[in-house]
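Structure record follows, encoded as structure tokens.
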Amino acid sequence: MYAAKNAVLVAAELQLGSNAARLLLHMALECWDDHDNPAGALPRRYFGGREMSAIALGFLAPENGSNRAFQVVNRTMRELLGKGAIRRVRPGRSGQRAEFELLLDSSRPPTMKRRLNPVVNLTERRDQGVTF
């Protein structure tokens, strides 16, 4: 969740194109965050294959397995790699998908302590002539 929120900011900071921003957001939604990680897996790792990435870019089945879809995915991945949004951890090969690390923060940001508003007694306010 926090990786996805930060992916939007990273996409704007890096001035990613629309496909690259869309794919980065998809990747962030698919990966585990630093703290929200019940599986104990490495955080910010994306294992989705080309078909899954193609769906994120708008190619629905069966077109998500087409050469055109793979070309768009490859071009988009090159942009993400070139601008430093992701890093290739392991290349894909026969029987194994490529693995990418998202180079963004996925930890929960600190929260400020807020003063709670006092409860408003609506009956008392209505008696004072306030209409709702």
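The values are calculated or read from the model by the stated rules, or taken from the named source; none is laboratory data. Quick caveat: nothing in here was measured; it's all calculated off a predicted structure. Cβ: placed from backbone, ideal geometry, glycine included. Neighbour counts: every protein chain shown.
Within the stretch 26-41, residues that are more than 17 Å from Ile86 (Cβ to Cβ) sit with their Cβ atoms under 9 Å from residues that are modelled with pLDDT under 90 and among the charged types (D, E, K, R), at 6+ positions apart or across chains, in these pairs: His35/Arg108; Asp36/Arg108. Consider the stretch 84-100 and keep the residues that are in a loop (DSSP other than H, G, I, E, B) and not polar (S, T, N, Q). The one that is surrounded by the most Cβ atoms within 10 Å (Cβ to Cβ) is Ala85.
Selection of first residues in the stretch 66-91 that are free of Cβ contacts under 8 Å to residues at least 60 places away in the same chain and under 10 Å from Ala20 (Cα atoms) and of second residues that are assigned to a helix (DSSP H, G or I) and among the charged types (D, E, K, R), restricted to Cβ pairs under 7 Å at least 6 apart or on distinct chains, gives the following pairs, ordered by first then second residue: Val73/Arg50. Taken together, the residues in the stretch 59-83 that are part of a helix (DSSP H, G or I), among the small types (Gly, Ala, Ser) and exposed (fewer than 12 other Cβ atoms within 10 Å of the Cβ) amount to 1.
Every test in (1) over 20 Å from Ala21 (Cβ atoms); (2) modelled with pLDDT under 90 is passed by Leu104 save one, and that test is (1).
Can you tell me how many residues within the stretch 85-102 are of a type in the set (D, E, K, R) and over 18 Å from the mean Cα position of the chain (by Cα)?
Within the stretch 85-102, the subset of a type in the set (D, E, K, R) is 87-88, 90, 93, 97, 99, 101.
If we keep only those that are over 18 Å from the mean Cα position of the chain (by Cα) too, we end up with 90, 93, 97.
Adding up the residues that qualify gives 3.
Can you tell me which residue in the stretch 20-58 is farthest from Ala69 (Cα to Cα), limited to those that are over 13 Å from the mean Cα position of the chain (by Cα) and part of a helix (DSSP H, G or I)? Looking at the filtered set, the residue picked out is Met52. Suppose we filter the stretch 5-30 for residues that are buried (at least 21 other Cβ atoms within 10 Å of the Cβ) and either basic (Lys, Arg) or in contact with a helix residue (DSSP H, G or I) (Cβ under 6 Å, 6 or more places away or on another chain) (or both); how many remain? Number of matching residues: 7.
Take Tyr46 and tell me if it is among the aromatic types (Phe, Trp, Tyr) and touching a residue at least 60 places away in the same chain (Cβ under 8 Å). Criteria not met by Tyr46.
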